[in-house]
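Visitor: Dropping the structure in here first, questions after.
The values are calculated or read from the model by the stated rules, or taken from the named source; none is laboratory data. Every value quoted in this text rests on a predicted model; they were computed, and no experiment measured them. Because the Cβ atoms are built from the backbone with ideal geometry, glycine has one as well, and the counts that use them run over all protein chains shown.
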Amino acid sequence: MGLDVTWAERWVRRAAEAVETAKDELTELDRQIGDGDHGENMHRGFQAVLAKLDGAPVEAGAPVGSVLKVVATTLMSSVGGAAGPLYGTAFLRASKVAERETLDPSALVAMLEAALEGITSRGKATTGEKTMVDAWQPAVDAAAAAADGGADCVGVLRAAAEAADAGAAATTPLVATKGRASYLGERSAGHEDPGARSTALLLGAALAAALTDEVPSA
């Protein structure tokens, strides 16, 4: 069974819940190696996304990408720092791939790949530099492997979410060579990257949204 626009809305609402719950954690991670505003920025951005969705309810049968485009444009206009442009570009690229009523496993992988391509093209980052790419790349790789192995959409998302979580944790010992954290040099080691952690939260929310038919209330 594929994923439709209702799933996309559930994803966004569960992502907003996850970001709100982890806001202080994300802020503390960013305080250690960045500007200390990642949690608040992400929370503000997703609250703005919810307001947009509440003001213009999703129509059944609309393309999955219609919701992702709302996320993209809203994050770009409301999230400060690097997160707004990076996540905004990720969701925008994903929305273009998801211009269909339902996503099967291969289309889901293509959507995740497009999101990663958006991040790497915008941020000029690769793995090992202690950025959100260190969560996104293993997530995409795991999703593709799961789809190739015959997994359904839930299985693809589970593989992606688990790999993103492991990838985020694996940024802790890394020395940052990209972004604000790179200014700290060796002192950036020992701290998890906040963007990688928020990536894991978002992909975990995508899985949670696929595991239920309930749309969280506004």
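Visitor: Take the residues of segment 184-203 that are buried (at least 17 other Cβ atoms within 10 Å of the Cβ) and small (Gly, Ala, Ser): which is farthest from Ala8 (Cα to Cα)?
Guide: Ser188
Visitor: Sticking with this structure for a sec: Name the one entry in Ala176, Ala181, Ala163 that is among the aliphatic types (A, V, I, L, M) and either surrounded by fewer than 16 Cβ atoms within 10 Å (Cβ to Cβ) or at pLDDT 95 or above (or both).
Guide: Working: Ala176 fails: either surrounded by fewer than 16 Cβ atoms within 10 Å (Cβ to Cβ) or at pLDDT 95 or above (or both); Ala181 fails: either surrounded by fewer than 16 Cβ atoms within 10 Å (Cβ to Cβ) or at pLDDT 95 or above (or both).
Being among the aliphatic types (A, V, I, L, M) and either surrounded by fewer than 16 Cβ atoms within 10 Å (Cβ to Cβ) or at pLDDT 95 or above (or both) holds for just one of Ala176, Ala181, Ala163, which is Ala163.
Visitor: Conditions: (1) under 14 Å from the mean Cα position of the chain (by Cα); (2) more than 20 Å from Ala163 (Cβ to Cβ); (3) in contact (Cβ under 8 Å) with a residue 24 or more places away in the chain. Glu117 meets all but one. Number of the miss?
Guide: Failed condition: (2).
Visitor: Restricting to segment 2-42, give me the number of residues that are assigned to a helix (DSSP H, G or I), out of contact with any Gly (no Cβ under 7 Å at 6 or more places or on another chain), without any contact (Cβ under 8 Å) to a residue 60 or more places away in the chain and more than 18 Å from Thr74 (Cβ to Cβ).
Guide: So the answer is 3.
Visitor: Give the number of residues within segment 97-132 that are at positive phi and either among the aromatic types (Phe, Trp, Tyr) or out of contact with any Gly (no Cβ under 9 Å at 6 or more places or on another chain) (or both).
Guide: Going through segment 97-132, the residues at positive phi turn out to be 124, 128, 130.
Going one step further and asking which of them are either among the aromatic types (Phe, Trp, Tyr) or out of contact with any Gly (no Cβ under 9 Å at 6 or more places or on another chain) (or both), we end up with 124, 128.
Residues that pass the stated criteria total 2.
Visitor: Out of all the residues in segment 116-169, which are among the β-branched types (Val, Ile, Thr) and more than 22 Å from Ser106 (Cβ to Cβ)?
Guide: Within segment 116-169, Thr126, Thr127, Thr131, Val133 qualify.
Visitor: Would you check which residues across segment 52-99 are closer than 21 Å to Glu117 by Cα and acidic (Asp, Glu) and list them?
Guide: Glu99
Visitor: Filter segment 132-151 down to the residues that are touching a Leu at 6+ places or on another chain (Cβ under 6 Å) and within 16 Å of Ala196 (Cβ to Cβ), then identify the one that is surrounded by the most Cβ atoms within 10 Å (Cβ to Cβ).
Guide: Of segment 132-151, the ones touching a Leu at 6+ places or on another chain (Cβ under 6 Å) are 136, 139-140, 143.
Keeping just the survivors that are within 16 Å of Ala196 (Cβ to Cβ) gives 136, 139-140.
On the way: Trp136: 33, Ala139: 29, Val140: 24.
This residue is Trp136.
Visitor: State which residue pairs qualify: first residue closer than 20 Å to Gly88 by Cα and inside segment 43-66, second residue of a type in the set (Ser, Thr, Tyr) in any location, beta carbons under 7 Å apart, and separation of 6 or more residues or different chains.
Guide: Listed by first residue and then by second, the contacts come to Arg44/Ser78; Gly45/Thr74; Gly45/Ser78; Ala48/Thr74; Ala48/Ser78; Val49/Thr74; Lys52/Thr74; Gly65/Ser95.
Visitor: Another question, then. Which condition number in (1) free of Cβ contacts under 8 Å to residues at least 40 places away in the same chain; (2) farther than 18 Å from Pro63 by Cβ is the one that Ala125 fails?
Guide: So Ala125 meets the others, but not (1).
Visitor: How do the helices (runs of 4 or more DSSP H) wholly within segment 51-149 filter down when requiring 3 or more residues that are touching a Phe, Trp or Tyr at 6+ places or on another chain (Cβ under 8 Å) and under 30 Å from Leu184 (Cα atoms): which remain?
Guide: Output list reads 105-123.
Visitor: Which of the numbered conditions does Thr171 fail, given that it passes all the others? Conditions: (1) modelled with pLDDT of 95 or more; (2) assigned to a helix (DSSP H, G or I).
Guide: (2)
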